[in-house]
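Student: This is the structure I want to talk about, given as structure tokens.
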Amino acid sequence: MAKKKSVEKSNPECRRSLTDRSELQKFVLHLLQGTMIGIGAVLPGISGGVLSVVFGIYEPIMAFLSNPREALSQYGRLLLPVLLGAAGGFLLSACDRIFPDTL
């Protein structure tokens, strides 16, 4: 087992692929969180703001709304998938309610 750890430390390609995989997992997680926030904005009884507090992304979103340029440089990697997911979830939920027979 210890030998495997030393191979990962000595091989930069292995380390890079592990980092890329975790970055992809974070992106997908934030995309799903944003989708749930977008759906929560449309559904009655569910608050997108409460969901963003539960997911721990309320403060970066408020920082983005108060100062977009500074927040994008600081939280850009977090906010991009969340905002894309929120827009997608909102549109999917709204289309389902507006055009119930199409989806």
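Student: I need the calculated FRET efficiency for the pair VAL53 and SER22, taking r as the beta carbon distance and R₀ as 30 Å, to the nearest 0.05. Walk me through the numbers on the way to the answer.
Tutor: On the way: r = 24 Å, r/R0 = 0.82.
Plugging the Cβ-Cβ distance into 1/(1 + (r/R0)^6) gives 0.75.
Student: Order 23-35, 42-54, 79-91 from most to least packed using the mean count of other Cβ atoms within 10 Å. List each step's numbers first, then the result.
Tutor: Working: 23-35: 16.4, 42-54: 13.8, 79-91: 18.8.
In decreasing order of mean packing, 23-35, 42-54, 79-91 become 79-91, 23-35, 42-54.
Read-outs: derived from the displayed coordinates by stated rules, not from any lab. Model, not experiment: these values are computed from the prediction. When we count neighbours, we look across all protein chains shown, and the Cβ atoms used for this are built from the backbone with ideal geometry, even at glycine.
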